[in-house]
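The values are calculated or read from the model by the stated rules, or taken from the named source; none is laboratory data. Keep in mind that this is a model prediction, so the values were computed, not measured. As a convention, Cβ positions derive from the backbone with ideal geometry for all residues, glycine included, and neighbour counts pool all protein chains shown. Remember, those area values only see protein heavy atoms, side chains included, never the ligands or the DNA or RNA. Shrake-Rupley method; radii C 1.70, N 1.55, O 1.52, S 1.80 Å.
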Amino acid sequence: MRVLVTAGPTYEPLDPVRFIGNHSTGKMGYALAEAFALTGADVTLVSGPTSLPDPTNSRIAIQRVETADQMYAAAAAVAPAADVWVFAAAVADYKPAHVAENKIKKQGDTLTLELVKNVDIAATLGKNKRPEQFSVGFALETNNEEENAREKLHRKNFNLVVLNSLRDAGAGFRVDTNKVTLLDAQGEMIIFEVKLKAAVAHDIVQAVLARLPREA
Ligand code: CTP
Ligand code: CA
């Protein structure tokens, strides 16, 4: 089995010294790469900038990228040959419309930045997903959690969506634990307790394996 995992944040440059980013640590994505590798799968981990060390498991090939465009290019090169896609990255929704060649100097009392939409990696790849391929997405929500997660499942052609609610204690960024709810394309919902991210990754891998189309 071949698995593609995206992980971590993306950094969208403004000038040679600044970027727009987010608080994703990459821990959940790296834990998923590890959990899939432990089942014997060959994993390509496309990672945005993180402070995590490269995985030592020889079944995991890591490709480090910075921007959403770079993450898309790396993921698109791997996706056609992968059986399972896991989109755990916190991709910046927008990037600066212009990247200044030189450091932007401090000027007036306000600064307005123009941003343009980034490519939606999961949705774009989802358009060419074959019936035997399986796609897993994440939804980090603060309100209307289930409805928003289901909308993403359909819009991005996911087979399974991992819902993180920021209302749950022990979930989200900068913690070693997570609390997730899985929603599948058949309408099934599984609610898990707060667990270490490695245990959450194991639960997600088991849910994927149970739903993979049978080999011909
Ligand atoms: N995703 C992606 N590429 C993007 C944005 C999101 O691949 N440019 C993936 C994420 O990795 C995640 C899923 O899509 O698996 C949902 O991400 P999320 O940010 O919740 O969805 P958005 O469509 O960006 O919606 P929102 O307005 O809620 O941010
Ligand atoms: Ca988003």
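Looking at (1) under 22 Å from LEU183 (Cβ atoms); (2) touching a residue at least 12 places away in the same chain (Cβ under 8 Å); (3) near ligand 1 (Cβ under 9 Å from one of its atoms); (4) buried (at least 16 other Cβ atoms within 10 Å of the Cβ), which one does MET71 not meet, given that it meets all the others?
Here MET71 meets the rest and fails (1).
For a quick check of your reading: which strands (runs of 3 or more DSSP E) sit entirely within segment 156-209 and have at least 1 residues that are over 16 Å from LEU32 (Cα atoms) and in contact with a Gly (Cβ under 6 Å, 6 or more places away or on another chain)? Break it down into steps so the answer makes sense when it comes.
Values: elements: 160-165, 180-184, 189-191.
Per the criteria, no element qualifies.
Scan segment 138-150 and give yes if some residue there is within 17 Å of the chain's Cα centre (by Cα), surrounded by fewer than 21 Cβ atoms within 10 Å (Cβ to Cβ), under 19 Å from ALA68 (Cβ atoms) and modelled with pLDDT of 95 or more, otherwise no.
Within segment 138-150, not a single residue is within 17 Å of the chain's Cα centre (by Cα), surrounded by fewer than 21 Cβ atoms within 10 Å (Cβ to Cβ), under 19 Å from ALA68 (Cβ atoms) and modelled with pLDDT of 95 or more.
All but one of (1) open to solvent by less than 60 Å² (accessible area, probe 1.4 Å); (2) closer than 14 Å to GLY29 by Cα; (3) within 16 Å of ligand 1 (Cβ to nearest atom); (4) not acidic (Asp, Glu) hold for ALA61; which doesn't?
All conditions pass for ALA61, except number (3).
Taking ASP15, is it closer than 26 Å to GLY126 by Cα and of a type outside the set (Lys, Arg)? If you could, list the steps in order and put the result at the bottom.
Values: closer than 26 Å to GLY126 by Cα: no; of a type outside the set (Lys, Arg): yes.
No; evaluated as a whole, the condition is false for this residue.
Collect the residues in segment 130-155 that are in a loop (DSSP other than H, G, I, E, B) and touching a strand residue (DSSP E or B) at 6+ places or on another chain (Cβ under 6 Å), keeping them in residue-number order.
None; the set is empty.
Go over the candidates ASP54, ASP109 one by one and state the one that is within 16 Å of GLY29 (Cβ to Cβ), away from ligand 2 (no atom under 16 Å from the Cβ) and not in a helix (DSSP H, G or I).
ASP54
Of everything in segment 115-128, what is open to solvent by 20 Å² or more (accessible area, probe 1.4 Å) and either in contact with a strand residue (DSSP E or B) (Cβ under 7 Å, 6 or more places away or on another chain) or in contact (Cβ under 8 Å) with a residue 60 or more places away in the chain (or both)? Give them in sequence order. Steps first, please.
So the first thing to find is which residues in segment 115-128 are open to solvent by 20 Å² or more (accessible area, probe 1.4 Å), and the list is 115-117, 119-120, 124, 127-128.
If the condition is that a residue be open to solvent by 20 Å² or more (accessible area, probe 1.4 Å) and either in contact with a strand residue (DSSP E or B) (Cβ under 7 Å, 6 or more places away or on another chain) or in contact (Cβ under 8 Å) with a residue 60 or more places away in the chain (or both), then LEU115, VAL116, LYS117 are the ones that fit.
Starting from segment 1-16, take each residue that is farther than 17 Å from LYS27 by Cβ and list its partners that are among the β-branched types (Val, Ile, Thr) and outside any strand (DSSP E or B), counting only C-beta distances under 7 angstrom and pairs at least six apart or across chains.
Pairs that qualify, where the first residue is farther than 17 Å from LYS27 by Cβ and the partner is among the β-branched types (Val, Ile, Thr) and outside any strand (DSSP E or B), are LEU4/VAL78; TYR11/THR67; GLU12/THR67; PRO13/VAL99; LEU14/VAL99; LEU14/ILE104; ASP15/VAL99; ASP15/ILE104.
Kindly indicate whether LYS95 is more than 16 Å from the chain's Cα centre (by Cα), basic (Lys, Arg) and outside any loop (DSSP other than H, G, I, E, B).
Criteria met by LYS95.
Only one of (1) exposed (fewer than 15 other Cβ atoms within 10 Å of the Cβ); (2) on the phi > 0 side of the Ramachandran plot fails for ASN157. Which number is that?
So the condition that ASN157 fails would be (1).
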